[in-house]
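Since every read-out is calculated from the coordinates, none of them should be taken as a lab result. These numbers were taken from a predicted model, which means no experiment stands behind them. Glycine gets a Cβ as well: all are built from the backbone with ideal geometry, and neighbour counts include every protein chain shown.
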Amino acid sequence: MSENKISKEELLRKANKPSEDAMYMHPFYKGKIEVSLKSCVRDYNDFAIWYTPGVASVCKDIQKNPEKVFEHTNKANMVAVVSDGTRVLGLGDIGPEAGMPVMEGKALLFKYLGGVDAFPICLDTKDPDEIIKTVINIQPCFGGINLEDIAQPKCFYILNELRKKANIPVWHDDQQGTATVSLAGLINALKVVGKKIGDVKIVLLGAGAANIRIGSLYMKYGAKPGNLIYVDSKGTLHKGRTDLKDHKEKWEMCTITNERQISGSLADALKGADVLSAASTPGPDVVKKEWISSMAKDAIVFATANPIPEIWPWDAKEAGAKVVATGRSDFANQVNNSLGFPGIFRGALDVHAKTITDEMCVAAAEAMAKYAQKKGLREDYIMPTMDDPEVFIGEAVAVGLKAIEQKVARKVMTEKELRESAEFMIKRAIEDTKLRMKEGIIKLP
């Protein structure tokens, strides 16, 4: 049954169901991840191989050649999910303990969708330099760092400094991850409505970490800077917003976007706009139906705030939007970074990448978009869904190849080798989970 045939009351009940289920399921399992073995233990004699005395020879081999750590340990498949809990989902500064369920959830998605072993690292400090120092100090154990739910503007500083100092990929999912999947969604939404990225007027509601990076990636892909208009809590960004001069990233957008220097509110910015790309305050009714009605014909609306989008998708459609996407998996057209980071890290880890570049993000977005195109684009299908492992395998291959091309990979692999590696790791994680449920090792609620 399509959404427009379901009553609004039923849609609201559907929207609230995940929260109700979460309050039962989390205490049932007392967390979502655990450590399990990947090596054999045939009998207790194997302990002499995996631990002392046998392990000493492996330690000495790594000491002679530090790069051997990728061969002898799980470093190449381990990611730290680092947060200080200052901007968790749409909940704000709720602290590191309250942020733990999100970071554990992130680790679950990393494993199930990407075959990546990820661990929550919630820090009891809000000091950006302490966060940077901590990440640098723990990087010997990990093949990559995923920064998560860190408030802006310090998140920009932390990411930039760590990308300079770390010798492994450092990625801020709220910036790079959200931007990558948003670009994938926009590529396909524009195909559905028959418009080109270089021609459309794009309004970005929210000028935080996510949308600053989203706009940057849109421009890298071909959007004209002058055709972008940012809107924050005080109105549109333009050269007259001297109150933002101390905010490096926002001020840069003031100077390069909004060619017509439109000032005013979101309602003013949306008049005649082709695209609304919102990553702001959880709704509903942050964006009004009448504002959507003022947009151009065949408008595109991305309302990606979590847990509640800035406008309910059915309201946006009633107001005249042609393509509507949210950040939620229980609605059509999910534009959520969960579609990106597992596959992107899979590819980066497989080639032992030193960083994740913007070009690697674009390659992932194109792979994501092309996969949906093969399935057949529609107004209610512009993005692949998370239940298809091939999406993440395709992203991993594209990212790995781009890393090799850009010479940021320590390990060179062929396209065939990348695909075989990604297929093995991702399908292994899925089958392992299914088997553990079947055998009762993971109990069903």
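When Rg and the Kirkwood Rh are both derived from Cα coordinates, the Rg/Rh ratio for segment 252-314 amounts to 0.98.
Multiplying the residue separation of ARG378 and LYS17 by 0.36 nm and subtracting their alpha-carbon distance yields 127.3 nm.
Taking the number of Cβ atoms within 10 Å of each Cβ as an exposure proxy, the fewest-first ranking of CYS40, CYS254 is CYS40, CYS254. Remark: segment 139-184 projects, on average over all directions, an area of 3.5 nm² (convex hull of Cα atoms). Once the GluC sites (Glu not before Pro) in DSSP loops with at most 12 neighbouring Cβ atoms within 10 Å are cut out of the chain, the longest remaining piece is 35-438. Quick one: if you stick a label point 7 Å off each Cα along the C-beta vector at THR255 and GLU417, how many nm between them? Placing both labels 7 Å beyond Cα along the Cβ direction yields 4.4 nm. If you plug the beta carbon distance of LYS224 and ASP268 into 1/(1 + (r/R0)^6) with R0 = 25 Å, you get a FRET efficiency near 0.80. Per residue, the convex hull spanned by the Cα atoms of segment 168-244 measures out at 106 cubic angstrom. Dipole check for segment 293-445: with +1 at the C-beta of Lys and Arg, -1 at the C-beta of Asp and Glu, and the Cα centre as origin, the magnitude is about 380 Debye. For segment 101-171, the alpha carbon positions stretch 32, 25, 18 Å along the principal axes, listed from largest to smallest. A Förster radius of 41 Å, combined with the Cβ-Cβ distance separating ASP43 from ARG410, puts the computed FRET efficiency at roughly 0.70.
Remind me, relative contact order of segment 19-136 in percent, using alpha carbon pairs under 8 angstrom and six or more residues apart?
22
Around the Cα centre of the chain, unit charges on the Cβ atoms of Lys, Arg, Asp and Glu (plus for the first two, minus for the last two) sum to a dipole of about 820 debye. Just want the answer: with Cβ charges of +1 for Lys and Arg and -1 for Asp and Glu, which residue in LEU147, ILE158, GLY400 is farthest toward the dipole's positive end in the chain? The residue sitting most towards the positive pole is GLY400. For the chain, the extents of the C-alpha atoms along the principal axes are 73, 48, 42 Å, listed from largest to smallest. Pairwise alpha-carbon distances in segment 145-289 exceed 23 Å for 35% of all pairs. Ranked for footprinting exposure by Cβ neighbours inside 10 Å, fewest first, MET219, MET383, MET25 give MET25, MET219, MET383.
Applied to segment 426-435, the Karplus parametrisation 6.51 cos²θ - 1.76 cosθ + 1.60 on θ = phi - 60° returns per-residue 3J(HN,Hα) values of 6, 5, 4, 5, 5, 5, 4, 5, 4, 5 Hz, with x for Gly and Pro. With Rh defined as the Kirkwood radius, the inverse of the mean 1/r over Cα pairs, the Rg/Rh of segment 29-121 is 1.10.
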